[in-house]
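One structure below.
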Amino acid sequence: IKFCIETVLEENVNGDFVETGIWRGGACIFMRGILKAYDVKDRIVWAADSFDGVPAPSLPQDTDFDISKSKLPVLAVPIEEVKELFQRYGLLDNQVQFLEGWFKDTLEDAPINKISMLRLDGDLYESTMDALNPLYEKVQRGGFVIVDDYESCPPCKAAINDFRKQHNIDDPLVVIDPWSVYWRKTQNISN
């Protein structure tokens, strides 16, 4: 995250930072902290989450991967708790905007114009696609897409691979650790 943010700042890649699936907010808090450290005041950190866990599987690709609130309640962190964590670090301000609800209901009409870093942590095929479909075109050339659970959540990996194939995205996937990857956007998508 630090490398991506510092790169887009250094190279003047326009756009805000977006995370879809923030859990307790750690990555978004870190993003806001970097903006504060660099005294950047013209970018927003968008924190999109249901704040009620992961949705129950509704697509065939997610059938065998139920991590919904009934199965894994630890993933359901109320928005008030997340805001308190931002506040603890003095980072809860107007440069942090929350999008509360399922991605399919919040991201399409979110007032996000340009994105320089998109971090995906939706775990499911459906959630990953619900984030990519409305947001990927807003990622600027030179911007980054980070996929938190590419190797640890098979439905997420399938969604990423399908989306990239459907849109002829051949930007190389770079391994971050045993679970995560990123790529840097070099072209607009084609259908």
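Exactly one residue out of 143, 101, 53, 122 is within 28 Å of residue 184 (Cα to Cα), modelled with pLDDT under 95 and surrounded by 13 or more Cβ atoms within 10 Å (Cβ to Cβ): that is 122. The set of residues in segment 101-132 that are over 13 Å from the mean Cα position of the chain (by Cα), in a loop (DSSP other than H, G, I, E, B) and not hydrophobic (A, V, I, L, M, F, W, C) comprises 101, 108, 109, 111, 113, 114.
Anything in segment 104-119 that is more than 19 Å from residue 149 (Cβ to Cβ) and open to solvent by 30 Å² or more (accessible area, probe 1.4 Å)? List them, or say none. Result: 105, 108, 109, 111, 113, 114.
The conditions of being assigned to a helix (DSSP H, G or I), touching a helix residue (DSSP H, G or I) at 6+ places or on another chain (Cβ under 9 Å), acidic (Asp, Glu) and over 17 Å from residue 97 (Cβ atoms) are met by residue 6. Within segment 86-98, being open to solvent by 20 Å² or more (accessible area, probe 1.4 Å) and either among the acidic types (Asp, Glu) or not in a loop (DSSP other than H, G, I, E, B) (or both) holds for 87, 88, 93, 97, 98.
Please verify whether residue 19 is acidic (Asp, Glu), buried (at least 18 other Cβ atoms within 10 Å of the Cβ) and touching a residue at least 12 places away in the same chain (Cβ under 8 Å), treating the condition exactly as stated. Against the criterion (acidic (Asp, Glu), buried (at least 18 other Cβ atoms within 10 Å of the Cβ) and touching a residue at least 12 places away in the same chain (Cβ under 8 Å)), residue 19 qualifies. Contact map, segment 57-74: first residue under 15 Å from residue 153 (Cα atoms) and hydroxyl-bearing (Ser, Thr, Tyr), second residue open to solvent by less than 90 Å² (accessible area, probe 1.4 Å) and assigned to a loop (DSSP other than H, G, I, E, B), Cβ cut-off under 8 Å, separation 6 or more or different chains; pairs are 63/57; 68/53; 68/55; 68/56; 68/57. Among the residues examined, residue 186 does not qualify as under 21 Å from residue 59 (Cβ atoms), touching a residue at least 24 places away in the same chain (Cβ under 8 Å) and among the β-branched types (Val, Ile, Thr).
Conditions (1) part of a helix (DSSP H, G or I); (2) open to solvent by less than 40 Å² (accessible area, probe 1.4 Å); (3) at pLDDT 95 or above, marked per residue:
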{"position": "134", "(1), (2), (3)": "yes, yes, yes"}
{"position": "151", "(1), (2), (3)": "no, no, yes"}
{"position": "170", "(1), (2), (3)": "no, no, yes"}
{"position": "183", "(1), (2), (3)": "no, yes, yes"}
{"position": "189", "(1), (2), (3)": "no, no, no"}
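Every residue in segment 56-84 that is modelled with pLDDT of 95 or more, open to solvent by 40 Å² or more (accessible area, probe 1.4 Å) and β-branched (Val, Ile, Thr), please. Of everything in segment 56-84, nothing turns out to be modelled with pLDDT of 95 or more, open to solvent by 40 Å² or more (accessible area, probe 1.4 Å) and β-branched (Val, Ile, Thr).
The values are calculated or read from the model by the stated rules, or taken from the named source; none is laboratory data. The model shown is predicted, which means the values in this text are computed figures rather than measured ones. Quick reminder, even Gly has a Cβ in these numbers, built from the backbone with ideal geometry, and neighbours come from all protein chains shown. Note: areas computed on protein heavy atoms with side chains; ligands, DNA, RNA excluded. Shrake-Rupley method; radii C 1.70, N 1.55, O 1.52, S 1.80 Å.
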